[in-house]
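Contents: one structure, followed by commentary.
The values are calculated or read from the model by the stated rules, or taken from the named source; none is laboratory data. What you are looking at is a predicted structure, and each value in this text was computed from that prediction instead of being measured. Every residue, glycine as well, gets a Cβ built from its backbone with ideal geometry; the counts of neighbours run over all protein chains shown. Heads up: the accessible areas ignore ligands, DNA and RNA and are worked out on the full protein's heavy atoms, side chains in. Shrake-Rupley method; radii C 1.70, N 1.55, O 1.52, S 1.80 Å.
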Amino acid sequence: MYALWNTLGLDEPNMRWVLFGTAFLSAVSAWVGTFTYLQKKSLLGDAIAHGILPGVAGSFLLSGQKNAAYIMIGALVWGFLTVLAIEWITRKSHLKPSTAMAIVLSAFFGLGMMLLTQIQNSGLPDASGLQSFLFGQAASLLPSDILVYSIFALVALIVLLALYRSLTFVSFDKAGAQSMGFSPQTSGTVLSILVVIATAIGIQSIGLILMAALLITPAAIARMWSQRLWTMLMLAGGIAAVSAISGSLISFSGKSMPTGPWIVMVLFFIFGFSVLFSTHRGLVQRAFQKRKNRQIIQRENLLKALYHLREQKGEQAEFTFEEIQKKRMFSENDLQRILGMLKRKKWVLQGKNGWTLSGEGLNEGRRITRLHRLWELYLSQKMRLKEDHIHPIAESMEHIITEDLEAQLLHELDYPELDPHQKRIPYDTPAKS
Amino acid sequence: MTPAIDIHNLTASYERKPVLWEIDCQFPQGKLIGIVGPNGSGKTTLLKNIMGLMKPDSGYIRIFGEKLDKVRHRVSYVPQRETVDWDFPADVMDVVLMGRYNPKKLFGRISREDKDIAIEALSRVNMLEFANRHISQLSGGQQQRVFIARSLAQKADLYLMDEPFVGVDAASEDAILNLLTEMKNNGKTVVIVHHDLQTAYEYFDHIALLNTRLVASGAAEEVFTSDLLQEAYGGRLTVLSRIGELIAKKDFPIREKGQEEN
Ligand SMILES: Nc1ncnc2c1ncn2[C@@H]1O[C@H](COP(=O)(O)OP(=O)(O)OP(=O)(O)O)[C@@H](O)[C@H]1O
Ligand SMILES: [Mg+2]
């Protein structure tokens, strides 16, 4: 363990600085990103991230050195230019904001790449490191860089806290917020500025191209696990920090591996995991629920079949596998499995000549049969459906009707004796006569 | 008494196409007032103009005799339910508490008193038991009641609600109506946008019949004459709507500059 610690360079205080610094920067980006996600402006982060490249390259050209403070200034200036250009195009033409974003994004990024090539051909001493702006190189960060970025991040965080309610309200209900004196324009502008900062502070750790992932993915993941804004923010921040740390660690271990792709991969891994397992509409949970429902349905169908057989053949009879199959089409495997399951639950008993219901199984079989027949009666009496239409509907409803609903049905139908097919509706205690 | 709302020669348009022409009317205080008209007649647009959510082409509005900004804290607005994102990560309580947010306060905090007010508002609309439920898990009628609770939490004197009865079952509609009547009896002014003629007459003391222009405004029994209803709900005024399209196409000014002061 300690050896690993050493190989990663974590015994150096510098490295720890970098690591926790990146975690903090990433969390702030994710918090800002959560609000763009809620305002359905996810694309804005991507546009701004690409749009600031000319600023980054330009600051290098002018100053001749790779300095975080200059980089931030250049990035902020071009970030605002990007926002203004998008707004101007949207206002003056009839284009949708997303179209305007795509146009500005590609034009500015193209310009940035031209400047970058210019710099690389210029032979300036620091020029080789400039690629790291595109994909991030956390290992090349100095504590002094981290300090500069963190100051901006802190400012963004304070603004976010100050306008927390305003941003929330406007995201949920723009007209309502405006009617109370909140200004959607102001919070929109402030949010754009925050996105510019949130993007710029990640230039060296994640890089411009993949920065949008850090703004949006943590928010999207957090939304899958949480139904309230506060918990969503906590989660998004945590996820961003964890993926920044692990992404950086992985990239430190390889020779001059860019950081951004690793952070994004970690994020994507968490995202995939959440799609499968989240408590809020996760695929696995849903599949599980479906499977459980299917089992309940099969189980109840079998109990009902046994109950029907018993109605026909008398209380003492035991039923063979074939008799049950003739009563209701189960595949051989299914029937075997369900019988096994019910036997373990002690709802059916296996006698010498076949299968029979236990006391508990009998109650359950009677309940299902009753629900089926009650529902048929309800459909034909209250909804005036024809007799030949009601059976299939009742087949599925019998598994869904709850105790409450049953009580209400009984009440409305006044404890009936016979269903529309003149079959007796069975009660646990004899029906009201 | 100064009218609750005083509208002077209001003309409003979207992308230069006028949808309200020269509206001029007054709504009295302490009454239940209905703004009634067919779909697309500009009811929502009128409310938006009253609430300063869009800029009119001409005309002006006074609320309790003042400009809106001076009396904003006395006015509460409930937008049409479909205009907001009900999948937003918030529970019922969060939404009602928004009625207590203060735009002038940075780092705003929710006080104990705010919470008590929100709880009271929720119980008045019979939604207290749902306080911690996520808003996407509510029925349409329940969402509407949450919105009304948020509005109550604002403790205003004038309430403007856009179609609060849409998607609400009969029982909830009765409950909401009782609440509105109770508010009126406490001296509040309640303005409701409504498009159902059947119930409008029963519900409201004062009715404004709208169809792009103001057809009539006055006590319910004066406004509900077959002539006026025919005028509001019968055929559209084709000339008026064609002029509107022309203005939009040719970029004409709706009002010439320097003609009107507000
Ligand atoms: N944002 C918009 N941009 C352009 N036109 C609009 C916009 N909103 C409304 N309109 C048009 O303005 C007219 C009036 O709309 P408004 O929403 O005020 O009607 P309404 O009386 O509230 O109708 P409804 O009963 O359907 O709610 C309609 O013809 C509508 O098409
Ligand atoms: Mg409307």
What residues qualify as long-range amide H neighbours of B:A216, i.e. H under 5 Å apart, gap of 5 or more or another chain, H built at 1.01 Å from N? B:L209
So what's the angle, to the nearest 10 degrees on a 0 to 90 scale, between helix A:403-413 and the longest Cα principal axis of chain A? 50
Show me the GluC sites (Glu not before Pro) within the range A:336-396 that DSSP assigns to loop and that have at most 10 other Cβ atoms within 10 Å of their Cβ. none
Give me the accessible area of A:S331, 1.4 Å probe, in Å² rounded to the nearest 10. 60
So in the protein assembly as shown, what percent of DSSP beta bridges are antiparallel if you round to the nearest 5? 55
Using heavy-atom solvent-accessible surface (probe 1.4 Å) with all chains present, what is the largest-first order of B:M93, A:M114, A:M329? A:M329, A:M114, B:M93
Residue-averaged [θ]222 nm for the protein assembly as shown, counting only DSSP H segments that reach four residues, each worth -39500 (n - 2.57): -19000 deg cm²/dmol
Estimated dipole of the protein assembly as shown in Debye, rounded to 20 [Cβ of Lys and Arg +1, of Asp and Glu -1, Cα centre]: 1520
Let's test the formula: R0 of 35 Å, r as the Cβ-Cβ distance of A:L413 and A:H308. What FRET efficiency results, to the nearest 0.05? 0.95
How large is ³J(HN,Hα), in whole Hz, for each residue of the range B:218-225 in order, when computed from phi with the Karplus curve 6.51 cos²θ - 1.76 cosθ + 1.60 and θ = phi - 60°, using x for Gly and Pro? x, 4, 3, 6, 6, 7, 7, 9
Let me know the shape class of the range B:84-193, please: from the alpha-carbon gyration tensor, a ≥ b ≥ c as square roots of the eigenvalues, rounded when a/c is under 1.5, otherwise prolate if a/b is greater than b/c, or oblate. oblate
Report the FRET efficiency, 1/(1 + (r/R0)^6), for A:R344 and A:A287, where r is their Cβ-Cβ distance and R0 is 25 Å, rounded to 0.05. 0.60
If you count, for every residue in A:43-52, the Cβ atoms of partner chains within 10 Å of its Cβ, what is the mean? 0
Once amide H atoms are placed 1.01 Å from N in the peptide plane, what residues at a sequence separation of 5 or more from B:I23, or on another chain, have their amide H within under 5 Å of its amide H? B:L10, B:T11
For peptide A:338-351, how many partner chain Cβ atoms fall within 10 Å of a residue's Cβ, on average? 0
Chain-alone versus full-assembly comparison, the range A:159-192, residues with accessible loss of at least 40 Å² (1.4 Å probe): A:A162, A:R165, A:F169, A:F172, A:D173, A:A175, A:Q178, A:S179, A:M180, A:F182
What net charge is computed for the residues neighbouring A:A212, neighbours being all others with C-beta under 15 Å from the C-beta of A:A212, Lys and Arg scored +1, Asp and Glu -1? +1
Gyration tensor (alpha-carbon) shape descriptor, the protein assembly as shown, a/c threshold 1.5: oblate
Using the heavy atoms of the protein chains alone and a 1.4 angstrom probe, what is the accessible area of the protein assembly as shown per residue in square angstrom? 49
Quick one: 3J(HN,Hα) in Hz for the range A:196-202, Karplus 6.51/-1.76/1.60 with θ = phi - 60°, rounded, Gly and Pro as x. 4, 5, 4, 6, 5, 5, x
Could you tell me whether the range A:376-417 comes out rounded, prolate or oblate from its Cα gyration tensor? Rule is a ≥ b ≥ c as square roots of the eigenvalues, rounded for a/c under 1.5, then prolate if a/b exceeds b/c, otherwise oblate. oblate
Helix A:97-122 vs. chain A, principal-axis angle (Cα, 0 to 90°, nearest 10): 40
Less than 13 Å Cβ to Cβ from A:E322, Lys/Arg counted +1 and Asp/Glu -1: what total charge do the surrounding residues give? 0
Please list, or write none, the lysines whose alpha carbon is within less than 21 Å of the alpha carbon of B:K184, excluding same-chain residues fewer than 8 places away. B:K31, B:K155
For the pair B:R16 and A:V275, how long in nm is the line joining their label points, each one 7 Å along Cα→Cβ? 4.6
Please compute the modelled spin-label separation between A:N333 and A:M265, points set 7 Å along Cα→Cβ, answer in nm with one decimal. 3.8
Restraint check, A:K40/B:K55; A:K313/A:K423; A:K174/B:K17; A:K174/B:K48; A:K40/A:K96; A:K304/A:K352, Cα-Cα greater than 20 Å: A:K40/B:K55; A:K174/B:K17; A:K304/A:K352
Search the structure for amide H atoms under 5 Å from the amide H of A:I425, placed 1.01 Å from N in the peptide plane, and list their residues when 5 or more places away or on another chain. A:L418, A:D419
How large is Rg/Rh for the range B:5-250, to two decimals, with Cα atoms and a Kirkwood Rh? 0.98
Kirkwood Rh, the range A:307-384, all Cα pairs: how many Å? 13.7
Could you list, in their original order, any pairs among B:K43/B:K105; A:K290/A:K343; A:K292/A:K382 whose Cα atoms are separated by more than 30 Å? B:K43/B:K105; A:K292/A:K382
Which residue, A:L377, A:L154, A:L76, has the most motion in a Gaussian network model of chain A that connects Cα atoms within less than 10 Å? A:L377
Per the 1/(1 + (r/R0)^6) rule, R0 = 51 Å and r from the Cβ atoms of B:K67 and A:H421, FRET efficiency to 0.05 is 0.10
Out of all DSSP beta bridges with both ends in the range B:5-250, state the antiparallel percent to the nearest 5. 50
Suppose accessible area is computed on protein heavy atoms with a 1.4 Å probe; arrange A:V264, A:V56 from highest to lowest. A:V264, A:V56
In whole Hz, what ³J(HN,Hα) sequence does the range B:180-190 give by Karplus (6.51, -1.76, 1.60; θ = phi - 60°), x for Gly and Pro? 4, 5, 4, 4, 4, 5, 8, x, 7, 9, 10
With a 1.4 Å probe and all protein chains left in place, how much of the accessible area of the range B:69-198 comes from carbon and sulfur atoms, in whole percent? 44
